[in-house]
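Working notes, structure below.
The values are calculated or read from the model by the stated rules, or taken from the named source; none is laboratory data. Model, not experiment: these values are computed from the prediction. Every residue, glycine among them, receives a Cβ derived from its backbone with ideal geometry; neighbour counts consider all protein chains shown.
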Amino acid sequence: MILVTGATGTVGREVLRSLPAGPLVRVLARRPERVTPTATTEIVQGEYGDPRSLARALRGVTAVFLVTDCVGEDDAGFLRAARRAGVQHVVKLSAAAVEDPHADDPITARQRRNEHLLRTSGMQWTLLRPRSFMSNTLSWATSVRTEHVVRALYGSSANACVDPRDIADVAVRALTLPGLRGQVCTLTGPRAVSAVEQTAQLAELLGRPLRFEELEPARARALWSERHSAPVVEALLHSAQRQRDGAKARVENTVAQLVGRPPRSFRDWAAAHLPAFTPS
């Protein structure tokens, strides 16, 4: 049996959708009503801080797709429960920033600690380290629909962002086939792309002009503070500075090697999500 956590999130939702028919899949969810189940999905209501719900969710599970909150949750309690339950393999969603020694913000430091906890847990493991999600650009949707504008920090800096569907495809391979145990998989798109280029591609797909507006760091901090806690805001600013310095432009061939096709481009992702950017 496979347990999927984070099944209502960006990647977990795609993992649940992409798992092949046949094996029983269980989902651990705080809000089960938000999960879109398949015919072979069993849903357990619970959360990482509740040992009883963890025990219920992990009973009979051999492999786990693990997603934990980048701010408030360590993996220690979950991994202890998984090992007690006899779980053999954990596929963990991490981040490419972990391998960058200049990424010293609290969120990346927590991800490094959680990776270490898994590596030393006594269970087999696979680490997925994606670059930024292409879906992060959904934060532009309202301004694109209502103002025909994209606002971003360091708009000419490049990021080898990745389609969450490609992350999910690699995760499914790791969960269902043995070859990726003990492997670290850094996942990127096919080329690094800047926010200015993304704006131009969206405009072309939408068939209408869009304007790019460069944000100053102080303005970005103020906007992000409306939606995120202070530690997350500072981590985002630090991440943007690293991107400005070229830290996120490197392209890896991992997706193609593991799933047998090229990774999807930002244009591919945007075409599939165009309704989000289209006025009613």
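The residues listed here are Ala81, Ala7; of these, the one that is in contact (Cβ under 8 Å) with a residue 24 or more places away in the chain and part of a helix (DSSP H, G or I) is Ala81. Selection of the stretch 85-111 for residues being in contact with a helix residue (DSSP H, G or I) (Cβ under 8 Å, 6 or more places away or on another chain), assigned to a helix (DSSP H, G or I) and at pLDDT 95 or above yields Ala85, Ala97, Val98.
When the criteria are applied in full, Thr186 meets the requirement of being under 26 Å from Arg242 (Cα atoms), under 19 Å from the mean Cα position of the chain (by Cα) and not in a loop (DSSP other than H, G, I, E, B). Across the stretch 168-195, the number of residues qualifying as crowded, with 16+ Cβ neighbours inside 10 Å and either over 30 Å from Leu3 (Cβ atoms) or of a type in the set (A, V, I, L, M, F, W, C) (or both) comes to 15. When restricted to residues that are touching a Ser or Thr at 6+ places or on another chain (Cβ under 8 Å) and assigned to a loop (DSSP other than H, G, I, E, B), the stretch 112-131 contains 1.
Per-residue answers, yes or no, for (1) among the β-branched types (Val, Ile, Thr); (2) in a helix (DSSP H, G or I); (3) within 20 Å of Ala200 (Cα to Cα):
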| residue | (1), (2), (3) |
| --- | --- |
| Ala218 | no, yes, no |
| Ala222 | no, yes, no |
| Ala235 | no, yes, no |
| Gln241 | no, yes, no |
| Ala247 | no, no, no |
| Glu252 | no, no, no |
| Arg267 | no, yes, yes |
| Ala271 | no, yes, yes |
| Pro279 | no, no, yes |
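Annotation: Pro20 fulfils all but one of (1) in a loop (DSSP other than H, G, I, E, B); (2) surrounded by 15 or more Cβ atoms within 10 Å (Cβ to Cβ); the unmet one is (2). Only one entry of Asp69, Asp75 meets the criterion of being within 17 Å of the chain's Cα centre (by Cα) and exposed (fewer than 15 other Cβ atoms within 10 Å of the Cβ), and that entry is Asp69. Applying a threshold of 9 Å to beta carbon distances and a minimum spacing of six or more residues, or different chains, the list of pairs starting in the stretch 236-260 at a residue that is over 19 Å from Ala220 (Cβ atoms) and ending at one that is small (Gly, Ala, Ser) and surrounded by fewer than 19 Cβ atoms within 10 Å (Cβ to Cβ) reads Leu258/Gly179. In this structure, Ile167 does not satisfy being part of a helix (DSSP H, G or I), at negative phi, touching a residue at least 24 places away in the same chain (Cβ under 8 Å) and touching a Cys at 6+ places or on another chain (Cβ under 6 Å).
The single condition among (1) closer than 30 Å to Leu210 by Cβ; (2) in contact with a strand residue (DSSP E or B) (Cβ under 9 Å, 6 or more places away or on another chain); (3) hydroxyl-bearing (Ser, Thr, Tyr) that Ser121 does not satisfy is (1). Inside the stretch 52-71, can you point out the residues that are in a loop (DSSP other than H, G, I, E, B), of a type outside the set (A, V, I, L, M) and closer than 26 Å to Pro130 by Cα? Those that are in a loop (DSSP other than H, G, I, E, B), of a type outside the set (A, V, I, L, M) and closer than 26 Å to Pro130 by Cα: Thr62, Thr68, Asp69, Cys70. Do we have Ala218 as without any contact (Cβ under 8 Å) to a residue 24 or more places away in the chain and out of contact with any Lys or Arg (no Cβ under 9 Å at 6 or more places or on another chain) here? Yes; evaluated as a whole, the condition is true for this residue.
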